1. Those residues that are in a loop (DSSP other than H, G, I, E, B) and in contact with a Ser or Thr (Cβ under 9 Å, 6 or more places away or on another chain), I need them from the stretch 185-196; list them, please.
2. Only residues that are assigned to a strand (DSSP E or B) and either free of Cβ contacts under 8 Å to residues at least 60 places away in the same chain or surrounded by fewer than 20 Cβ atoms within 10 Å (Cβ to Cβ) (or both): list them for the stretch 143-165, please.
3. Taking the conditions exactly as written (over 18 Å from the mean Cα position of the chain (by Cα), hydroxyl-bearing (Ser, Thr, Tyr) and part of a helix (DSSP H, G or I)), does Ser228 satisfy them or not?
4. Sort through Ile168, Ile199 and tell me the only one that's touching a helix residue (DSSP H, G or I) at 6+ places or on another chain (Cβ under 9 Å), β-branched (Val, Ile, Thr), in a loop (DSSP other than H, G, I, E, B) and within 21 Å of Asp75 (Cβ to Cβ).
5. Just checking, which of Gly11, Gly61, Gly65 is modelled with pLDDT of 95 or more, of a type outside the set (Val, Ile, Thr), on the phi > 0 side of the Ramachandran plot and touching a helix residue (DSSP H, G or I) at 6+ places or on another chain (Cβ under 6 Å)?
6. Pull up the stretch 305-318, narrow it to residues that are in a loop (DSSP other than H, G, I, E, B) and without any contact (Cβ under 8 Å) to a residue 40 or more places away in the chain, then point me to the one that is surrounded by the fewest Cβ atoms within 10 Å (Cβ to Cβ).
7. Can you say whether Leu182 is outside any loop (DSSP other than H, G, I, E, B) and not charged (D, E, K, R), as far as the supplied structure shows?
8. Out of Ser302, Ser247, I need the residue that is touching a residue at least 12 places away in the same chain (Cβ under 8 Å), in a loop (DSSP other than H, G, I, E, B) and over 19 Å from the mean Cα position of the chain (by Cα). Which one?
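The values are calculated or read from the model by the stated rules, or taken from the named source; none is laboratory data. In this text, all values refer to a predicted model and were calculated from it rather than measured experimentally. Using ideal geometry, Cβ is built from the backbone for each residue, glycine included, and neighbour counts are taken over all protein chains shown.
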Amino acid sequence: MERVLLSHGGGGTMMEKLIEEVFADAFDNEYIRAMEDAALLFGNLTFTTDSFTVKPLFFPGGDIGKLAVCGTVNDASMRGAKPLFLTAAFIIEEGFPVEDLKKIVKSMAEAAKEAGVKIVAGDTKVVEKGSVDGIFINTSGIGVLYEGANVSIKNAKPGDIVLISGTIGDHGMAVMSAREELQFDTPIFSDVAPLNGLIERLMTLGEAIKVLRDPTRGGVAEVLYEISKMSGVGIKIYEEKLPVKESVKSACEFMGLDFLHLANEGKVVVVVERDYAEKALEIMKSHEYGKDAEIIGEVNDSKLVTINTIYGTSRIVDRPIGELLPRIC
């Protein structure tokens, strides 16, 4: 690996290689080695950070501002934590329209209000025209674990059940269609949303909630592979149980894409103890952002990620290798 490629930021095997060989090697400590969406620091304190470069800045269902808040709120929530405070840093291109900046900041404020978090500190840099594409945003967040939470990507065990909170691939296809100016019979909107309210309800099940992961870059397929690797287990999913909007499925078929590889910004993959699966599903369906939730699979000891197809066959789920769509978030 001599040069960084776009594919190194895609959430698949190439990104994993970059993280392991460069960042994890240099920053080696117990927090980095955990490979969680948020670091568990002192006692019940969590910390996470994320950067946002989505193109276009405004897309059906959201914009970079809403994405920047929801992304970090969701990463904090994936550790079984209640997000409390965010910071926001902006790198802005010289000549960027102030009206667009106001729209983005307003979206951030509205998303923070919905999530019940406060943006308490920030930073702004302006660079020469051409040095950055419009605006890039970084947000970081602090949260505290819910009582009884023991959520980790290493917790999945054979017999556990896998759920997802709703339809797959909405964000990735919404951004792709906006960028390429594609028009479909049924408009496709991003699912970008803060999931902390949904997670708070789920955490009433305590340690029965084993793993929480938001399937952003690399999609559901990448999350399943991450869980499989870090927990040392296999996962079997059922094609007939996967919730996908017909508009997204049709667009994927037209473009030759796998919806399991598309990014999501308002969904969570949940691994729960088998005895609590139906209760977890009931809780998820009771929330606005979980109304389309489904049980999609189960954990086994095969160490493979497989899918039972609608034709009655079984195959290995393809893992994303590189960048399906650069700058998706």
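1. Matches in the stretch 185-196: Asp185, Thr186, Pro187, Ile188, Asp191, Pro194, Leu195.
2. Once the filter is applied, which keeps residues that are assigned to a strand (DSSP E or B) and either free of Cβ contacts under 8 Å to residues at least 60 places away in the same chain or surrounded by fewer than 20 Cβ atoms within 10 Å (Cβ to Cβ) (or both), the stretch 143-165 yields Val144, Leu145.
3. Values: over 18 Å from the mean Cα position of the chain (by Cα): no; hydroxyl-bearing (Ser, Thr, Tyr): yes; part of a helix (DSSP H, G or I): yes.
In short, no.
4. Ile168
5. Unique residue meeting the criteria: Gly61.
6. Applying the filter and picking the extreme gives Gly312.
7. no
8. Numbers: Ser247 fails: in a loop (DSSP other than H, G, I, E, B).
The match here is Ser302.
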